[in-house]
Amino acid sequence: SIGVIPSSIVNSQDNVDIPAIAKYFNTKGRYEEVNPYLHEDILAVIKPVLPPASEQCQEIHLTAIIRHGTRYPTSRNIRDMQQLYKIVLHNASGEDSLLKEIQTQWTMWYTEDMDGRLVQKGVNDLKHLAVRLSKLFPSLISEEKLRGGFIRFTTSSKHRCVNSTLSFKAGLTELWVFVHAMNDTLMRFFDQCKRFVQEVDNNGSAVVEVNKFKQGPEMSRVQEKIADRLKVLHSLITHDMTEAAFYLCAYEFAIKSMNSPWCQLFDEDDAKVMEYASDLREFWKRGYGHDINSKSSCVLFHDMFSRLNKQVSEAVTVQVGHADTLLPLLTLLGFFKDSTALTSTNYAAQTHRSFRTSHMLPYAANLVLVLYDCGGGELRLQPLLNEKPVTFPGLTGPRASMPLFQDVKEHYRGLLQGCDFETECQLFKHPT
């Protein structure tokens, strides 16, 4: 089995001092910042209000696609953090209190072997989510259903996802003996899609807007401000070093619930720029920037609708993957699409954009689809994102939050009849 790195260095605090910039942490944000009511009670639920005339409806199937819980930084991120820390130790000078605090009181505790592994907070993220979902849908999610084999688990092979899956089960029972299937074809489809890998993931020109923004005036101003606050030469604080400082703040809060001194380097305007830089990268690498980004999730899309159609023997399917699993699927479904694409030059115009990963994709982010039998052969489908009702883009009306399942299938008919993973992901052959 793959164990969780011991969490002796991770402190839990009853009274969390939330950084002022916590709502801009993108995919490094805590689930509680998306659902602030959880600060008071981590097991609190807000039951979705069913539309009028839906009282007789009974939930019969639930599919949950969940991002893993809070994790350590990747080894690459950690190397950047270590480099920044050395710059501050050896190149910064002055009597500024913040600088002194970083130099004398803060220590570099990240090591490369942590490399994205689940932390204790991440274990709790999934345990708590399981409890909350069991309170929301007690007829479908319970220890009895788990023991009876009515809940099916699928996970990415990555350790943080496997351990998140085990943690979800532990939220329902302390017996960690239930079977789960590792399926990277479903949960890491982005690795399997050759066209996506070649045209986007390994292609620098696919993210040219991201690189332009890194060198643009907004980011340059942030870098200069960080260099001035750290009392180092401007040339030492590159975009990577600025991002490392931002990540140090985000990870300290996510893992330790700590308002790190690194957070004091950024004001709200700086944080908005850092958030946009990250959203820009996600937009062009996983979102609407390229058609293949969303089409790479065709295999997961069809799997999801296949189980809803068949109403298979499992009452519940729980699938644990990554932010890179959820975002292409949300994009394929049409969520969070703005009228104008995110680019390197329209930062100011995108202040009120829908595409904001800080809101969509915190640790333990989840898309839940609940199928209801409303009698007389009437099936309805309710989508929830991070435990909050959402409506399928393009579906309107008084019961849009819980539309007829047939209407949903009609709405996505083009994808259901096409969106073939093998076809979409094959490499185009260029004429000789």
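The values are calculated or read from the model by the stated rules, or taken from the named source; none is laboratory data. This one's a predicted model, so the numbers in the text were calculated from it and none came from an experiment. Note: ideal-geometry Cβ built from the backbone for every residue, glycine included; neighbour counts use all protein chains shown. Quick note on the areas: whole protein, heavy atoms, side chains included, nothing else; ligands and nucleic acids left out. Shrake-Rupley method; radii C 1.70, N 1.55, O 1.52, S 1.80 Å.
How many residues does segment 343-370 contain that are over 21 Å from the mean Cα position of the chain (by Cα) and buried (at least 19 other Cβ atoms within 10 Å of the Cβ)?
2
Can you tell me how many residues within segment 89-116 are open to solvent by less than 60 Å² (accessible area, probe 1.4 Å) and outside any helix (DSSP H, G or I)?
Residues that pass the stated criteria total 8.
Looking at segment 271-287 only, could you name the residues that are open to solvent by less than 10 Å² (accessible area, probe 1.4 Å), farther than 9 Å from Tyr24 by Cα and among the acidic types (Asp, Glu)?
Within segment 271-287, Asp279 is the sole residue that qualifies.
Which number in (1) under 30 Å from Ala250 (Cβ atoms); (2) of a type outside the set (Gly, Ala, Ser); (3) not in a strand (DSSP E or B) marks the one condition that Leu395 misses?
Looking at each condition in turn, Leu395 falls short on (1).
For segment 124-162, which positions are in contact (Cβ under 8 Å) with a residue 40 or more places away in the chain, open to solvent by less than 10 Å² (accessible area, probe 1.4 Å) and assigned to a helix (DSSP H, G or I)?
Within segment 124-162, Leu126, Leu129, Ala130, Arg132, Leu133, Cys161 meet the criteria.
Out of the residues in segment 30-79 that are in a helix (DSSP H, G or I) and acidic (Asp, Glu), state the one that is surrounded by the fewest Cβ atoms within 10 Å (Cβ to Cβ).
Result: Glu33.
Any residue that is part of a strand (DSSP E or B), among the basic types (Lys, Arg) and either open to solvent by less than 10 Å² (accessible area, probe 1.4 Å) or farther than 30 Å from Ala271 by Cα (or both) - is there at least one of those in segment 423-430?
The answer is no, given that none of the residues of segment 423-430 is part of a strand (DSSP E or B), among the basic types (Lys, Arg) and either open to solvent by less than 10 Å² (accessible area, probe 1.4 Å) or farther than 30 Å from Ala271 by Cα (or both).
Tell me which residues, restricted to segment 30-89, are over 24 Å from the mean Cα position of the chain (by Cα) and under 24 Å from Thr396 (Cα atoms).
Val49, Leu50, Pro51, Pro52, Ala53, Ser54, Glu55, Gln56, Cys57, Gln58, Glu59, Ile60
Return the residue satisfying two criteria in turn: it lies in segment 294-345 and is touching a strand residue (DSSP E or B) at 6+ places or on another chain (Cβ under 6 Å) and assigned to a strand (DSSP E or B), and of such residues it is farthest from Phe421 (Cα to Cα).
Out of the qualifying residues, it is Val316.
Could you tell me whether Tyr110 is farther than 27 Å from Phe189 by Cβ, of a type in the set (Ser, Thr, Tyr) and at pLDDT 95 or above?
Against the criterion (farther than 27 Å from Phe189 by Cβ, of a type in the set (Ser, Thr, Tyr) and at pLDDT 95 or above), Tyr110 qualifies.
Regarding Gly414, is this residue open to solvent by 10 Å² or more (accessible area, probe 1.4 Å) and on the phi > 0 side of the Ramachandran plot?
In short, no.
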